[in-house]
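Here's the structure we're looking at; comments come further down.
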Amino acid sequence: MKINYIIIPLVTITTAAVGSFLTNGGMDWYQTIALPSWTPPGAVIGAVWTVLFILTTISALVVWNKIERTWVFRHIIRFFILNAILNVLWSAAFFSTHLFNVAVFDAAVLCLTVVILIALIWRFSRTAALLLVPYAAWTAFATYLTYAVMVLN
């Protein structure tokens, strides 16, 4: 078995676990803030993130196995890593420190990294790129939701 079939899912699981830990630590506070009426229930958000993490992992595995090790490949991997870091930082900014403006900025940059990943990957694997489209859509929605929460609070 190739090591990437262990490392890439472990990075995803670690990202999800740290983000979940930070999110759970802020749930008491979250229950007290004003939310837009169109905020999805927590169970829906959790289910969506589970699916997105799976799709992102598959995309990263396709990239790792299909793309020649060039400067473009290295940039793609850097953007995947940056994306994971931004994902965790959003949870920290929003749920741990309650810095709405930082969370909005982070969410926007997170969404941008997904769009960049799609553009970089597209010419090598349309499948890997398309697997990230739901993630781009969700992070765009999450950016707007974070902004709406900031305005209400």
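The values are calculated or read from the model by the stated rules, or taken from the named source; none is laboratory data. Every value quoted in this text rests on a predicted model; they were computed, and no experiment measured them. Ideal geometry is used to build each Cβ from the backbone, glycine not excepted, and the neighbour counts take in all protein chains shown. Just so you know, the surface numbers come from the protein's heavy atoms only, side chains and all, with ligands and any DNA or RNA stripped out. Shrake-Rupley method; radii C 1.70, N 1.55, O 1.52, S 1.80 Å.
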_Neighbour cut-off at most 10 other Cβ (10 Å), DSSP loop, trypsin sites (Lys or Arg not before Pro), segment 67-153_ = ARG69, ARG123
_Give the separation of the Cα centroids, segment 1-80 to segment 82-142, in Å._
9
*asked:* With n ≥ 4 as the cut-off for DSSP H runs, can you work out [θ] at 222 nm for the chain, using -39500 (n - 2.57) per run divided by the number of residues, rounded to the nearest 500?
replied: -26500 deg cm²/dmol
_Degrees separating the helix 4-25 axis from the principal Cα axis of the chain, which is the longest one_ = 10
*Roughly how many nanometres apart are two label points built 7 Å out from the Cα toward the Cβ at LEU130 and VAL44?*
2.6
*asked:* Assuming 0.36 nm per residue, please report the length gained on full extension of the stretch LEU99 to ALA17 beyond their Cα-Cα distance.
replied: 27.4 nm
*Taking a probe of 1.4 Å, how large is the accessible area per residue of the chain, in Å²?*
55
*Ignoring ligands, DNA and RNA, what percent of the 1.4 Å accessible area of segment 82-153 is carbon and sulfur?*
76
